[in-house]
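A quick write-up on the structure given underneath.
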Amino acid sequence: MQSLKNKKMGERQEKILYALSELGALSRSQLQHMFDLGSKRNANRILQQMSEYLHHVRLNENVYYLNKQGRELVGTTKEFRKNGQIEHALMRNDIYIFYHYPKTWKSECKTEWKENGKEYRIISDARFTYHDQLYFLEVDLQQQMAKNKQKIELYASLFRVIQRQQIGEPILLWYTVSQTRKEKLGKWCKEYEISYEVLCKDF
């Protein structure tokens, strides 16, 4: 594996590579915000200098993820596959930024538990702690609403178990794409009596 130190790469560029290895994909504006890259022109210049280690795809703006050389440079074997998941990853990373880069952030986090003799599991888009509150994130981009309701039912079971163990008051955080979906998700969370927040992406 090549050493970042041997590549004479700036500290900020190193941090960008490591962030992409952790988060999968980030848009130019997300990288601008996270790493204080200045103007759009300056951000594009910095990212162009790193093109040897990056793939990019054009959505509303350029979206970046590590290529094979970039993965080798930071020492990860985890490959980001853009097919159908890129917008989902960007929305998930909106939340990472919005909640000020939680140190406890874990993407695609599996949780298993038992209730009334039955075993359950759920894979959250992310799990993290913010101001001592445990958050479970679900990104709702194109999911069938019936499946979202099933997830809320599962989280209701999980949250009961967490509360019985007295390890905090968990919050289900939804990040969705329309006001109609936001209202439905909030209504179902209330029906299942779980603590929740619903944020809506501003396109």
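For region 139-162, filtered to residues that are over 16 Å from Glu191 (Cβ atoms) and under 18 Å from the mean Cα position of the chain (by Cα), the residue that is surrounded by the fewest Cβ atoms within 10 Å (Cβ to Cβ) is Gln142.
Within region 148-203, the set of residues being out of contact with any Cys (no Cβ under 9 Å at 6 or more places or on another chain), of a type in the set (Lys, Arg), in contact (Cβ under 8 Å) with a residue 40 or more places away in the chain and in a helix (DSSP H, G or I) comprises Arg160 only. Residues in region 18-46 that are assigned to a helix (DSSP H, G or I), without any contact (Cβ under 8 Å) to a residue 40 or more places away in the chain and of a type in the set (A, V, I, L, M): Ala19, Leu31, Ala43, Ile46.
Name every residue in region 102-131 that is part of a loop (DSSP other than H, G, I, E, B) and within 18 Å of Ile194 (Cβ to Cβ), in order of residue number. Asn116 - this is the single residue of region 102-131 that is part of a loop (DSSP other than H, G, I, E, B) and within 18 Å of Ile194 (Cβ to Cβ). Just one residue in the set Arg127, Arg160 is closer than 26 Å to Ser21 by Cβ and of a type in the set (D, E, K, R); that residue is Arg127. Criterion applied to Tyr175, Tyr192 was being farther than 23 Å from Ile86 by Cβ, of a type outside the set (S, T, N, Q) and surrounded by 15 or more Cβ atoms within 10 Å (Cβ to Cβ), and the one residue passing it is Tyr192.
Comparison of Ala126, Ala89, Ala43 shows that the only residue that is under 27 Å from Gln179 (Cα atoms), surrounded by 15 or more Cβ atoms within 10 Å (Cβ to Cβ) and either polar (S, T, N, Q) or not assigned by TED's automatic domain parsing to the domain that holds Tyr175 (or both) is Ala89.
For region 112-134, the set of residues classified as closer than 14 Å to Phe159 by Cβ, under 16 Å from the mean Cα position of the chain (by Cα) and among the hydroxyl-bearing types (Ser, Thr, Tyr) consists of Ser124 only.
The values are calculated or read from the model by the stated rules, or taken from the named source; none is laboratory data. All values derive from a computational prediction rather than experimental measurement. Using ideal geometry, Cβ is built from the backbone for each residue, glycine included, and neighbour counts are taken over all protein chains shown.
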